[in-house]
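The values are calculated or read from the model by the stated rules, or taken from the named source; none is laboratory data. It should be emphasised that the depicted structure is a prediction, and the values quoted were computed from it without experimental measurement. A quick note on method: Cβ atoms are made from the backbone with ideal geometry, for glycine too, and the neighbour counts reach across all protein chains shown. For accessibility, only protein heavy atoms count, side chains too; no ligands or nucleic acids. Shrake-Rupley method; radii C 1.70, N 1.55, O 1.52, S 1.80 Å.
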Amino acid sequence: MLTSPIFVRSLPFGLYIALLALEGLLPGWAPGFDARWLYPLKAGLVALALAVLWRHYGELKTWGLSLGHLLLSLAVGIVVLVLWVNLDAGWMLMGEVGEGYDPTDGSDRIDWLLVAFRIAGAALVVPVMEELFWRSFLQRWVQQSDFLALDPARIGLKALLIASALFAVEHLQWLAGLVAGLAYGWLYIRTRNLWAPIVAHAVTNGLLGAYVVATGQWSFW
């Protein structure tokens, strides 16, 4: 079980979600703890899990991304970012908008160490963790239970829509999440290479971090 394809692609994601739930409980359990510092812990533990399990991710052992597909991935990541910051109307949200991840001290002073941890985690760790779960595993598994044997190019519309819809539910901005899921999922099918949606996802998250810091719209975090 510990080396099953499903388990090794689900563990880092499950760990992240569990720590996310813990973050919501911290104010009651440890009122003096600055919950913002839980993000570096989350990202670090997920990165450790990915490193330990890396030998099981055969689709990531070689790069194999052509220049054309790399440029396509960069373009998709930028387009998703532009759509993400604009798809924030009330009906496009699942619940109330919170304060987000605010790295300031209550004034205009920014804690740049918190910013660095946040952007590094969002751009370097989260894309690998999520694409392994949502695209490499779930999107292929919906199409075929023996998902490792499935060529990504053979993923059908039904599997793409189901995986993307579930990906959307994970996000407060459900419509933006749906658009992103469809874009990354299509990119995986188009290129047949998991590095493509990882790169696109990393570009979106990295540029979103720069946008949030530049505008102070912490709710996007």
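For region 65-183, the Kirkwood estimate of hydrodynamic radius, built from reciprocal distances between every pair of different alpha carbons, is 16.4 Å. For region 120-187, the Cα-based Rg and Dmax, in that order, read 11.7, 34 Å. Exposure check, 1.4 Å probe, all protein chains in place: Trp141 carries approximately 110 Å² of accessible surface.
Taking amide hydrogens as placed 1.01 Å from N in the peptide plane, the amide H of Thr104 sits under 5 Å from those of Asp111, each at least 5 positions away in sequence or on another chain. Computed from backbone phi with θ = phi - 60° and the Karplus coefficients 6.51, -1.76 and 1.60, the 3J(HN,Hα) list for region 93-109 is 10, 10, x, 8, 6, x, 6, x, 8, 9, x, 8, 9, x, 10, 8, 7 Hz; x is used for glycine and proline. Working from Cα pairs under 8 Å separated by at least six residues, relative contact order for the chain is 30 percent. Please say if region 140-221 is rounded, prolate or oblate, where rounded means a/c under 1.5 for a ≥ b ≥ c the square roots of the C-alpha gyration tensor eigenvalues, and otherwise the choice is prolate for a/b larger than b/c and oblate otherwise? Taking the square roots of the gyration eigenvalues as a ≥ b ≥ c, region 140-221 is prolate.
All alpha carbon pair distances within the chain were sorted into 5 Å bins beginning at 0; the resulting P(r) in whole percents reads 1, 7, 14, 18, 20, 18, 11, 7, 3, 1, 0. Compared with the dominant Cα axis of the chain, that is its longest principal axis, helix 38-53 is turned about 20°. Solvent-accessible area per residue in the chain equals 49 Å², computed with a 1.4 angstrom probe and all protein chains kept. With R₀ fixed at 22 Å, the C-beta to C-beta distance from Val52 to Ile17 puts the FRET efficiency at about 0.75. Only Lys, Arg, Asp and Glu carry charge here, each on its Cβ (+1 for the first two, -1 for the last two); on that basis the chain has a dipole of about 880 debye about its Cα centre. Kirkwood radius and radius of gyration were both taken over the C-alpha atoms of region 1-76, and their ratio Rg/Rh is 1.13.
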